[in-house]
Each structure stands twice: as C-alpha cells, then as structure tokens.
Amino acid sequence: MEYGQILRRAAQITWKYKFLWVFGFAIALCRGQGGGGGGNFNFGNTFSRGGEGNGEFPISPQVLRQIEQFVNSPTFWGLIVGLIILILLLSLLSIAVGAYARGALVRSVNRIENGETVDFRQAWQEGKASFRPLFWLELILSIPQLVIGLSILGLLLVLFLNLFQSGALSGGMAPSELILQVTRILPLVVVAFCGLICLSLILQLFIAIFTVFGSRAIALEGMGVTASFGRAWRIFTQNLAPIVLFALILFGISLVVGIVIGIPVAILIGLMLVFGIGAAMSGFWPLFVVLLVGVVLLIVLISALVGGIYRAFVETLWTLVYRQLVGLVPKSTWQGELPPSPPQPITP
C-alpha cells in the first residue's frame, strides 16, 4: 500500500473540495463530544461538637435548609429526569447529524475517486442514500458510551446525596465522623469511576473500528447494519499492520495540529490574564469583558474551522484506505492482505 500517495491524495481532495469541510465540521461537532465535571468540597477547620451552634461554615443555615427542601422535593427528581431526557434527545440529534454528514462525505469522496464531478448540492443528496443504516449503526455504537456516561453521572449524584443527607456538607458532624463517612463512600466511588473510565477506553477502540469500517461498508458497498459489523472486523483483523500504521500517522498529525492551535491559544490566554489583572487594578472591567468575549469567540471559530478541516481529511483518508483494502480501486494499485472482492452495488 502506498502510504505517502494515499496521504497526499487525501490532502489534495480535502483542499480542493472545500465543501467537504462543512460535513467534517458536523462530524467533529456531533461525534467528538465530551464532558466532565467535578467539585471541590472545602470543609472548615472547626465543627460544632454539640450545643446550639453549627460552627463556621460559608453557607448560612437558611440556605442549607432551602437546599435540603429542594433536594427532598419532587422538583429535584423531576429536574434529574428532565436532564436525562435532554441528554438522550441531544444524543439522538447528534447521532443523526453525524450519520448524515459522514454518509455525504464518504460517498462524495468515493464519487470523486471514480472520476465524477461533485458539488455541495450533490454531496448533500449523497447523505440521504445511506442515512438510515448509518444512523442505526452509530446509534448502536453510542449506546455503551451513553450508558457509561449516565452511570458516571449517577455515581456523582449518589455521592452528593449521601454527603448531603449525612450532614457532611452542612458542617453538622464532627471531623472524626466526617472522615469516617468519606472513607466509607469515596473509595467505592473512585474504584467504580476508574473502572467505568477503563471500560470506556476499551469500548472506544472497538467503536472506532466499527465506525470507520462499518460505516464505509454501508455507504460504499450497500451492506446492512448487521453485515457491516462482520465486514468491518474482517477488514481490521486481516489488514492490521497498515491500519495501525495509518492510525499512528493520524495520531502524530493530530498532535501537531493540537500544538499549532495550542501555542497561540496559550499566548492569548496569558495576555488575557495580564490584561485582566490590569483591568482589575484600573477599573476597566467593561472593556475587559468585551475583549474577553471577542477572544473566546475567535478561539472557538478558529478551533471549529481547523477541526472541521482535519475531520474532513481523516474521513477522506479512511475512505481511500477502505477503497484499496476491499478492491474498489484497480487491482494493480492494491497491495493489501485482504483478497480483492468485486464491490457490491451501492444503494441508490
């Protein structure tokens, strides 16, 4: 397999057909989501050991009572259920947009390599051809990660409720009781959290395999969802060396892109910190806020643009690799280990 030639060709297509950036941006935005959360609980040095006082604590007793009433009310659990439903709806929307964009991009690159002329309107139409099976494929692949994400959210909720109801957050227990309470709960939560993260990383590897090759089996060979899993696994296992090499190359490229973006962003953040200190000392807060919003928007726009271009390049590269591995290019240019098979008709 001509690695350099495939990389150059992917770069040429990505740069020449700039409408592919739109679909790359959609894929990066919808399928590159992540999130995290955390909290810091700062306990005072003094706690009440009986008597009428509650010791020194930054939250007043009235506020604590209001929080407790809210946590114990149906409204709190209604918000939790509503948050879960919102996450599910946004996930479905993200999967749908990502599946449509990936189908449009992959099928457009395939047409370009077949010598056809493609514009944005035609690429948009290409997204419809394989949208339904791609949607189901990505939905199936998203379920494990969604379950893990909700499990982590559940762990954090359980930890918060346990600490709150025990009085640990209100300063209503002695330091020895607080330490005992934390040592009982926190290790179990940490072990469960680390286990879920490790499981997520392992699953992510398989998800990447089936997303890259399963989606192309659907978009380029007209396979169904079930058949695409077997096709993707066979291609991966029988062509492990070139696939891993391309993955390592892309990892190196992503590091370079991250450094190129990260250095100016770090410089901007440093300048904003210096300017913020000066604004705080001189009273020019309104000007600083306006400038801060402008810088944040600039960083977001640049990151989105670079991310869309890079994602379009990655999807184009894997499409070219897939074409060679399954024999969608002339046999004389194929050097993989998987025997070339005649392409199945693509669903119109």
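The values are calculated or read from the model by the stated rules, or taken from the named source; none is laboratory data. Since the structure is predicted, the reported quantities are computational estimates derived from the model, not experimental observations. Here the Cβ is made from the backbone with ideal geometry for all residues, glycine too, and neighbour counts use every protein chain on show.
Output the qualifying pairs, or none if there are none: Cβ atoms under 8 angstrom, residues six or more apart or on different chains, first residue in segment 195-210 and over 20 Å from Arg231 (Cα atoms) and touching a residue at least 40 places away in the same chain (Cβ under 8 Å), second residue assigned to a helix (DSSP H, G or I) and small (Gly, Ala, Ser).
Close Cβ pairs (under 8 Å, with a partner that is assigned to a helix (DSSP H, G or I) and small (Gly, Ala, Ser)) amount to Leu196/Ser151.
Among helices (runs of 4 or more DSSP H) lying entirely in segment 1-84, which contain 1 or more residues that are at pLDDT 90 or above?
Once the helices (runs of 4 or more DSSP H) in segment 1-84 are filtered for at least 1 residues that are at pLDDT 90 or above, what remains is 3-16, 20-31.
Being among the hydrophobic types (A, V, I, L, M, F, W, C), under 17 Å from Gly127 (Cβ atoms) and either modelled with pLDDT of 90 or more or touching a Cys at 6+ places or on another chain (Cβ under 7 Å) (or both) narrows it down to one of Ala241, Ala219, Ala227, so name that one.
Ala219
Whether any residue in segment 112-123 is within 25 Å of the chain's Cα centre (by Cα), assigned to a helix (DSSP H, G or I) and either buried (at least 16 other Cβ atoms within 10 Å of the Cβ) or without any contact (Cβ under 8 Å) to a residue 24 or more places away in the chain (or both) is what I want to check.
So far as segment 112-123 goes, yes, one or more of its residues are within 25 Å of the chain's Cα centre (by Cα), assigned to a helix (DSSP H, G or I) and either buried (at least 16 other Cβ atoms within 10 Å of the Cβ) or without any contact (Cβ under 8 Å) to a residue 24 or more places away in the chain (or both).
Within segment 322-345, identify whether any single residue is under 20 Å from Val260 (Cβ atoms) and either modelled with pLDDT under 75 or not charged (D, E, K, R) (or both), and answer yes or no.
no
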